[in-house]
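See structure below.
The values are calculated or read from the model by the stated rules, or taken from the named source; none is laboratory data. Since this is a predicted model, take the numbers as computed values, not measurements. Note that each Cβ is placed from the backbone with ideal geometry, even for glycine, and that neighbours are counted across all protein chains shown.
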Amino acid sequence: MRRYITFAVVAACSLLLKPSFASAQGGKPDGKTIFTDNKCQSCHTITALGVERKKSPDDEKTEKDPPDLSGVGIERNAAWMTKYLLKKESIKDEKHLKKFKGSEADLAVLTQWLETLKTKPKK
């Protein structure tokens, strides 16, 4: 019985740690990981995927609520989002608040992932 419990614990741990091993061994992160690693959820939510905004003490200083990105792929494509996140494009004469600071490869993965988000956010 002890052997089965040990095996189950080892198997469960290996499944839980698999994503971090992939990153350490040169595995490529997915768009959601890049989104969270770059703290995009400090402003944005993606309610369709259960990504909630991490509120900060500065929240009261902002005049507008950043959009829920659940349906960003309905209106925007990856190429446009890349330019927007690099502050080379604007919406209603406004640039994105922060310039993306990650690698070009991460930006490509992020914007391609964001382009797949096509669920209209609930209001």
Somewhere in the range 81-93, is a residue within 21 Å of Ala48 (Cα to Cα) and either at pLDDT 95 or above or in contact with an Asp or Glu (Cβ under 6 Å, 6 or more places away or on another chain) (or both)? yes
Six or more apart or on different chains, Cβ atoms under 8 Å: show the pairs whose first residue is in the range 101-123 and outside any loop (DSSP other than H, G, I, E, B) and whose second is basic (Lys, Arg) and at pLDDT 95 or above. Trp113/Lys32; Leu114/Arg76; Glu115/Arg76
For Lys54, state whether it is modelled with pLDDT under 95 and surrounded by fewer than 16 Cβ atoms within 10 Å (Cβ to Cβ). yes
For the range 67-100, enumerate the residues that are among the hydrophobic types (A, V, I, L, M, F, W, C), crowded, with 17+ Cβ neighbours inside 10 Å and not in a loop (DSSP other than H, G, I, E, B). Val72, Ala78, Met81, Leu85
Tell me, which residue of the range 69-96 that is charged (D, E, K, R) and in contact (Cβ under 8 Å) with a residue 12 or more places away in the chain is farthest from Leu117 (Cα to Cα)? Lys87
